[in-house]
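To start, the structure itself, in structure tokens.
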Amino acid sequence: MATQNFPQWFGEQMLMVAVDLIVTSLLLIGLYAVFRRAPRTWWIWGTVVAIIFTILGIMLAPVYIEPLFNTYKPLNDPAISEPILAMARANEIPVTQVFEVDASRQTKRVSANVSGFLGTTRIALNDNLLKQCTVPEIREVMAHEMGHYILNHSIKLVTYFSLFFLAGFLALRGFFQGAVTKWGDRWGVRGIADPAGLPLLSLIFSTVFFLLTPVINTAVRVTEREADAFSINTSREPDGLAKVALKLGEYRKLDPSPMEEFIFFDHPSGRARIRMAMDWKAAHLPCGPEKANP
Ligand SMILES: [Zn+2]
């Protein structure tokens, strides 16, 4: 689904490496500073540093990093922006404009996003979505992004990730100390504050996060499902949700097995989303054998 040629793609990859190099260096400076100052409680302070970096990343990336790769501009077609802003007003979301991002620079994928933290929140839809979807479908997708905002998902996910970081640092405390006691002399690693231990630290941390994959994906997938529930109640577009789920099927397997969904899916599968849409539709039929509100 890529729309870039090799030099364009490679150039962006190099830019990402440059950004990564700066951010990771700052993170390591922060981590080793607390490792040196707190020889016994470093794992608590390490978790705190990781949480601070996550929050700063969520706040600063939309402002300083995302514009390096894409252009965000206000969506000026009132036929599309007005129905979206009406939903925002109905939910007391303090936005006066919706943004369009030129995702077609990199990909043909249909998507939208809400980014930022507290004051920096921005709701944006991508130009592929704009080109390929009808207004009811666009309303449904934007209501989903508003759901993330209203349900405080950035704060919720930061809280979940704090627990994952804590798990990583607890594993680090156990395994790093154990390995250094046993092989430290041979490896020339003196302790957690010794930068020579960085490869071991990375190995332990990435193993923990690899093993946590289903847990992390499930935490994210459950918040995505909450945003779906919000979107369908707000936009009242069950067919919109179902049709967008089918369009996302271009890059997300529509009908995975429950185990596949549990391990790999950070969004509900197309099947789960269509099921939700149709259950909602069935529950909201104007008449039926039992009329709740005659
Ligand atoms: Zn979402």
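DSSP beta bridges confined to the chain are antiparallel in about 75 percent of cases. Spacing of the modelled spin labels on Val135 and Val48, each 7 Å from Cα toward Cβ, amounts to 5.3 nm. Under the convention that each Lys and Arg Cβ holds +1 and each Asp and Glu Cβ holds -1, the size of the dipole of the chain around its Cα centre is about 780 debye. Under 5 Å from the amide H of Thr107 lie the amide H atoms of Thr3, each residue being 5 or more positions distant or on a separate chain, with H modelled from the backbone and absent for Pro and chain starts. Note on region 153-294: Kirkwood radius taken over Cα pairs, Stokes-Einstein applied at 25 °C and 0.890 mPa s, translational D equal to 132 µm² s⁻¹. Classify the chain as rounded, prolate or oblate from the Cα gyration tensor: take a ≥ b ≥ c as the square roots of its eigenvalues, call it rounded if a/c is under 1.5, otherwise prolate when a/b beats b/c and oblate if not. Judged from the Cα gyration tensor, the chain comes out prolate (a/c at least 1.5, a/b above b/c). Filter the chain for me: DSSP H helices, axial length by Cα at least 24 angstrom, mean Kyte-Doolittle hydropathy not below 0.5. List them by residue number. Both cut-offs are met by 6-37, 42-60, 153-187. Maximal additional length on extending the Leu198-Asp266 stretch stands at 21.5 nm, based on 0.36 nm per residue less the C-alpha distance. Summary value for region 101-220: 19 percent relative contact order, contacts being C-alpha pairs under 8 angstrom separated by 6+ residues. A probe of 1.4 angstrom, applied to the heavy atoms of all protein chains, finds Glu137 with accessible area near 10 square angstrom.
Per-atom-type breakdown for region 89-201 gives carbon and sulfur 59% of the accessible area (1.4 Å probe, protein chains only).
Decide, for region 1-114, between rounded, prolate and oblate: order the square roots of the alpha carbon gyration tensor eigenvalues as a ≥ b ≥ c, take rounded if a/c falls under 1.5, and otherwise choose prolate if a/b is larger than b/c, else oblate. Cα axes put region 1-114 in the oblate bin. Enumerate by residue number the trypsin sites (Lys or Arg not before Pro) in region 58-150 meeting two conditions: DSSP loop (anything except H, G, I, E, B), and at most 14 other Cβ atoms within 10 Å of the site's Cβ. Sparse-neighbourhood loop trypsin sites (Lys or Arg not before Pro): Lys108.
If R0 is 45 Å, the Cβ-Cβ spacing of Asp279 and Tyr160 corresponds to a FRET efficiency of close to 0.95.
Here region 4-141 carries DSSP beta bridges of which approximately 70% are antiparallel, counting only pairs with both residues inside.
For the pair Lys253 and Asn76, a Förster radius of 41 Å applied to the C-beta separation gives a FRET efficiency near 0.70, rounded to the nearest 0.05.
The values are calculated or read from the model by the stated rules, or taken from the named source; none is laboratory data. Here the structure is a predicted model, which means the values were calculated and not measured. Every residue, glycine among them, receives a Cβ derived from its backbone with ideal geometry; neighbour counts consider all protein chains shown. For accessibility, only protein heavy atoms count, side chains too; no ligands or nucleic acids. Shrake-Rupley method; radii C 1.70, N 1.55, O 1.52, S 1.80 Å.
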